[in-house]
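The values are calculated or read from the model by the stated rules, or taken from the named source; none is laboratory data. All figures in this text were calculated on a predicted structure; none of them were measured in a lab. Cβ placement follows ideal geometry from the backbone for every residue including glycine, while neighbour counts extend to all protein chains displayed. Surface accessibility is based on the protein's heavy atoms, side chains included, excluding ligands, DNA and RNA. Shrake-Rupley method; radii C 1.70, N 1.55, O 1.52, S 1.80 Å.
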Amino acid sequence: MSRREELVIEEDEAGRVCHRYICSESSVDILDETSWSKLDHGLYKNITKTLSNIFMPAGYPNSVSSDYFEYQLYDSFQAFSSTIAGLLASRAVLEGVGVGDASASATHALLLTITQDAVSRLATILFAWRIGTALEPEAKRYRLLADIFNDGAMILDCLSPALPKHVRLFSLCVSGSLRALCGVAAGGAKAALSVHFARANNIGDLNAKDSSQETVIGLLGMLAGSFVVSRVTTQAATWSLLLLLLAVHLSTNYLAVRAIAMSSLNRQRANIVYSHFRATSKVQSPAQVAKMERIFAPGSSLYGSGRVRLGFCEIGVRINRLLRMRSTNGLQWTQHIMQTFAGEKYILWFSTPAQGPSANQVYSICLEKGSAASDHLKAWVHAIELAHTVSETGPLQVHSDGALKLLEQTHRVVNDTFPTLLQELTQAGWDVEKPALLTRPNFMISRTVWPGNAEEKKLK
């Protein structure tokens, strides 16, 4: 009877092979030792590996996305410069509330702080209500906007000592509001980016290590800032250094955001991908689209190749926009639109007549209750296809027969191409199951057969 042997491979969290063993009934032999295992006993002597274990998520780099390191590198530089700039702004605020002024009142300074804090808290509630829905789909935009708001608050803080007292209060309240907007935008964007970076169900570990990185960078920034504020005392030197630090802060933030290759299809990325697919029958990868993406591009704009604007589109609108449309045959036109999309989870139409170039054409999408992310994507793709076709044929009036025929024609085109597009998107690395097209509170409809009589069916 032959002896039974078994190969056992041991790997670390990053997927690197540490040991390989041959196990038999009578012995266990080490087949070989990798270079990593030889360093295992002297781990704390290897500074690079030690720092990686302390500050990087477990299993790095296999446990995070490929753009994680570049983003964190730029993010560390921006945090360092922001910490020093923050100390300069804090010194200016203390001067503004009366520190160093014998005539200043501690009660007055306290009331200023309370007022600023109250306004900031109210602003937080307001901003979360207004922009909360857009934070995840537009994470890159709001991540950069957060630091623009924060830098604006620093500039106002540095201006406050030179302002009259009644204007100073207003300035401090505005800076507090800007910081509140920064907190809301940065918090929501950071949560979305953490989900993007985590590749091994390790969001908790990733956020914990990110906090460790921020703590170290913050400490280094405070040490450097303590040296700076003790030596930079004149107004000219303070403003020169502040503007330099803010320039470094914003430029490194921009590079950090540009390094991110999101795999979700928001409105702009879906536009870029489908326009390229329509022209070449090929789907670009998230990394390729990230190089073409504009951080502050209007999300409602539809673009063709060469960034030529094709029109505007709104998704998740109220159905009454369609139902209230009237012309000579308005009711029949509305019913025709409803019948065209009877088998879909969305309804698309021209919401307003074009005035002048077709680039001014506005399209509206109404979604059905229970529609999935793929339904949203199909609706947006249909709007892009329709916008491309309209740009080739010229502007159309909303209620014309040509508009209805064009709507049906593009619907057939999308029905034929969308399954292939969906398959190739998945193969290219896109997450088509993640909804990222809705950036504000939206409305959904349900369509069922009305049991009443004909008079009750009439649209009023």
*asked:* I need the full set of residues from segment 265-292 which are over 22 Å from D147 (Cβ atoms) and outside any helix (DSSP H, G or I), in order please.
replied: L265, S281, K282, V283, Q284, S285
*Could you look through segment 333-351, keep only residues that are open to solvent by less than 60 Å² (accessible area, probe 1.4 Å) and either part of a helix (DSSP H, G or I) or farther than 21 Å from A373 by Cα (or both), and pick out the one that is modelled with the highest pLDDT?*
T340
*Here are G330, G304: which of them is surrounded by 14 or more Cβ atoms within 10 Å (Cβ to Cβ) and modelled with pLDDT under 75?*
G330
_So the check is Cβ under 6 Å with 6+ separation or different chains; which pairs have a first residue in segment 433-460 that's assigned to a loop (DSSP other than H, G, I, E, B) and a second one that's at pLDDT below 75 and of a type in the set (K, R)?_
W450/K457
*asked:* Testing V283 on (1) in contact with a Phe, Trp or Tyr (Cβ under 8 Å, 6 or more places away or on another chain); (2) exposed (fewer than 14 other Cβ atoms within 10 Å of the Cβ), one condition comes back false. Which one is that?
replied: (2)
_Name the single residue that is farthest from the chain's Cα centre (by Cα) among those in segment 198-207 being surrounded by 13 or more Cβ atoms within 10 Å (Cβ to Cβ) and assigned to a helix (DSSP H, G or I)._
D205
*Has segment 92-99 got any residue that is open to solvent by less than 90 Å² (accessible area, probe 1.4 Å), modelled with pLDDT under 80, in contact with a helix residue (DSSP H, G or I) (Cβ under 7 Å, 6 or more places away or on another chain) and in a helix (DSSP H, G or I)?*
yes
*When segment 239-275 is examined, which residues are found to be of a type outside the set (A, V, I, L, M), open to solvent by less than 60 Å² (accessible area, probe 1.4 Å) and over 26 Å from C158 (Cβ atoms)?*
S263, S264, N266, R267, Q268, R269, N271, Y274, S275
*Identify the single condition in (1) crowded, with 20+ Cβ neighbours inside 10 Å; (2) more than 26 Å from L193 (Cβ to Cβ) that A139 does not satisfy, given that it satisfies every other one.*
(2)
_Options L112, L122; residue that is assigned to a helix (DSSP H, G or I) and without any contact (Cβ under 8 Å) to a residue 60 or more places away in the chain_ = L122
*Among the residues of segment 423-439, which ones are under 19 Å from the mean Cα position of the chain (by Cα) and among the polar types (S, T, N, Q)?*
T439
*With E424, E408 as the choices, which residue is out of contact with any Lys or Arg (no Cβ under 6 Å at 6 or more places or on another chain), at pLDDT 95 or above and charged (D, E, K, R)?*
E424
*Evaluate segment 406-415: report whether one residue or more is under 23 Å from S300 (Cβ atoms) and open to solvent by 60 Å² or more (accessible area, probe 1.4 Å).*
no
*Boolean, L39 is open to solvent by 50 Å² or more (accessible area, probe 1.4 Å), out of contact with any helix residue (DSSP H, G or I) (no Cβ under 9 Å at 6 or more places or on another chain), at pLDDT below 85 and over 30 Å from L438 (Cβ atoms)*: no
